[in-house]
């Protein structure tokens with residue numbers, strides 16, 4: 001037998017296998033005419049969920065940033081008050097050293113805060129002194145009501 005017939009027979013057999021496999025597999029594949037589209041309701045719901053998650057993350061970041069800024073303003077105010085009441089030139093050390101232990105503020109407007117400073121004169125009792133603060137990202141200015149530090153004096 002000639003080799004050409006052998007190669008030709010192998011090629012013919014391969015072609016027959018491919019055709020038969022195609023005929024057998026063709027009914028398994030279902031072709032749907034038209035353009036593929038996603039489930040519209042599912043797409044809308046997924047987009048809404050994604051937007052809600054992004055909004056929640058943005059709100060949490062804004063709240064965290066605001067809390068950090070408030071804490072920074074409280075600390076800066078406390079440090080400024082302590083420096084002021086410790087300076088003998090301000091006349092507040094005549095009765096003894098004043099210590100500012102804590103400052104708690106509430107934001108009442110853009111760059112405006114109201115709160116209390118916990119202070120004590122020497123070893124005396126801790127008292128709350130009302131304070132008013134104006135602060136931006138560079139400066140903090142605080143004040144007390146007129147005579148506000150008088151609550152620290154003995155007998156008050």
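Which of the residues that make up region 102-127 are surrounded by 14 or more Cβ atoms within 10 Å (Cβ to Cβ) and either over 16 Å from residue 76 (Cα atoms) or out of contact with any strand residue (DSSP E or B) (no Cβ under 9 Å at 6 or more places or on another chain) (or both)? Answer for region 102-127, where residues must be surrounded by 14 or more Cβ atoms within 10 Å (Cβ to Cβ) and either over 16 Å from residue 76 (Cα atoms) or out of contact with any strand residue (DSSP E or B) (no Cβ under 9 Å at 6 or more places or on another chain) (or both): 120, 121, 124, 127. Cβ-Cβ contacts under 6 Å between residues 6 or more apart (or on different chains), taken from a first residue in region 84-102 that is at positive phi to a second residue that is surrounded by 12 or more Cβ atoms within 10 Å (Cβ to Cβ), are listed as 96/121. Every test in (1) assigned to a strand (DSSP E or B); (2) in contact (Cβ under 8 Å) with a residue 24 or more places away in the chain is passed by residue 108 save one, and that test is (2).
Filtering region 77-101 to residues that are outside any helix (DSSP H, G or I) and surrounded by 14 or more Cβ atoms within 10 Å (Cβ to Cβ) leaves 92, 93, 95, 96, 98, 99, 100.
Of the residues 68, 38, which is part of a helix (DSSP H, G or I) and at pLDDT below 95?
Answer to the check: 68.
The values are calculated or read from the model by the stated rules, or taken from the named source; none is laboratory data. Treat the numbers as computed from the prediction; the structure is a model and nothing was measured. Please note: Cβ atoms are built from the backbone with ideal geometry, for glycine as well, and neighbour counts cover all protein chains shown.
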